[in-house]
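The structure appears right after this line, and notes come after that.
The values are calculated or read from the model by the stated rules, or taken from the named source; none is laboratory data. None of the values given here were measured: they were computed from a predicted structure. Cβ coordinates were reconstructed from backbone atoms using ideal geometry, including for glycine residues, and neighbour counts include every protein chain displayed. Side chains are part of the model used for accessible areas, which takes the heavy atoms of the whole protein and leaves out ligands, DNA and RNA. Shrake-Rupley method; radii C 1.70, N 1.55, O 1.52, S 1.80 Å.
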Amino acid sequence: MKILIIEDEPALGSAVRDRVRQAGHVADWFRTMTDARAALIASSYDFLLLDLGLPDGNGRDLLREIRRNCSSLAILITTAQDQVSDRIVGLSEGADDYIVKPYDLDELVARIDAVARRYAALPDNVVTVGAIRIDLARRQLEREGRTIDLSAREWAIVELPARRPGALCSREQIEDALYGLSDDVESNAIEVFISRIRKKAGPGLIMTVRGRGYCLAGNAAR
């Protein structure tokens with residue numbers, strides 16, 4: 001997933017970003033609501049980690065703004081406010097989960113995964129393409145029972161069309177899913193990753209639609 005982190009504490013923010021990336025996600029980290037708003041306009045995100053006590057305002061204001069315009073962005077509040085009443089307000093205003101500081105980074109990643117599963121388009125989280133089985137929950141690719149090892153970005157390329165069976169993913173959509181706003185992207189990076197995937201999984205997984213993008217080969221079925 002592509003995750004936006006809004007956290008004003010430098011040490012915590014960098015630690016969360018690094019742990020989220022270690023878990024295989026793309027992560028952008030900003031410290032203010034102003035920067036967060038700009039990032040949400042400039043890029044598309046799957047998940048938001050939102051601190052409430054920010055230098056330029058209360059994160060709940062941003063939460064309400066997002067929920068007025070978007071219901072598909074998963075949101076997890078991270079805050080030092082540990083009163084039950086605070087949690088109830090945040091959840092009632094549209095947050096999907098709530099974690100109180102200080103928290104364990106592994107628990108945070110587990111909560112991210114749990115919320116993401118609720119948003120998954122496929123109830124069983126498994127897509128089959130010929131002899132290849134894509135397990136979205138376990139982030140695993142198998143061919144005839146054999147696990148195929150993919151890098152985080154290779155997996156992200158497989159996951160994007162797998163969560164949208166029948167859909168075509170443009171090069172721009174794939175780049176947006178793979179890279180943060182500050183990342184440099186080589187002109188042929190997507191082609192290189194797809195070539196590696198085909199070498200590992202075989203040519204029958206991802207199909208190129210010339211001039212338009214990529215999709216899963218054949219008719220993906222659950």
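The set of residues in region 160-193 being over 19 Å from the mean Cα position of the chain (by Cα) and of a type in the set (Val, Ile, Thr) consists of VAL192 alone. Screening THR128 with (1) open to solvent by less than 10 Å² (accessible area, probe 1.4 Å); (2) of a type outside the set (D, E, K, R); (3) not in a helix (DSSP H, G or I) gives one miss only, at (1).
All conditions in (1) open to solvent by 70 Å² or more (accessible area, probe 1.4 Å); (2) without any contact (Cβ under 8 Å) to a residue 40 or more places away in the chain; (3) not hydroxyl-bearing (Ser, Thr, Tyr) hold for GLN173, with the sole exception of (2). Look at (1) open to solvent by less than 80 Å² (accessible area, probe 1.4 Å); (2) in a loop (DSSP other than H, G, I, E, B); (3) of a type outside the set (Lys, Arg) and you find that CYS215 fails only one, number (2). Taken over region 176-192, residues that are over 21 Å from SER43 (Cβ atoms) and either crowded, with 18+ Cβ neighbours inside 10 Å or at pLDDT 90 or above (or both) amount to 2. Selection of region 193-212 for residues being hydrophobic (A, V, I, L, M, F, W, C) and surrounded by 13 or more Cβ atoms within 10 Å (Cβ to Cβ) yields PHE193, ILE194, ILE197, ALA201, LEU205, ILE206, MET207. For LEU54, the conditions (1) crowded, with 21+ Cβ neighbours inside 10 Å; (2) within 15 Å of the chain's Cα centre (by Cα) all hold with the exception of (2).
When ALA36, ALA15 are checked against the criterion of being part of a helix (DSSP H, G or I) and surrounded by 21 or more Cβ atoms within 10 Å (Cβ to Cβ), a single residue qualifies: ALA36.
A quick yes/no check of all residues on (1) surrounded by 20 or more Cβ atoms within 10 Å (Cβ to Cβ); (2) part of a helix (DSSP H, G or I):
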| residue | (1), (2) |
| --- | --- |
| TRP29 | yes, no |
| LEU48 | yes, no |
| LEU76 | yes, no |
| GLN81 | no, no |
| SER85 | no, yes |
| PRO102 | no, no |
| ASP113 | no, yes |
| ARG138 | no, no |
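Pairing each residue of region 138-155 that is small (Gly, Ala, Ser) with any residue that is open to solvent by less than 70 Å² (accessible area, probe 1.4 Å), provided the two are 6+ apart or on different chains, yields C-beta distances under 7 Å for ALA152/GLY24. Assess whether GLU65 counts as being touching a strand residue (DSSP E or B) at 6+ places or on another chain (Cβ under 8 Å) and surrounded by fewer than 18 Cβ atoms within 10 Å (Cβ to Cβ). In short, no.
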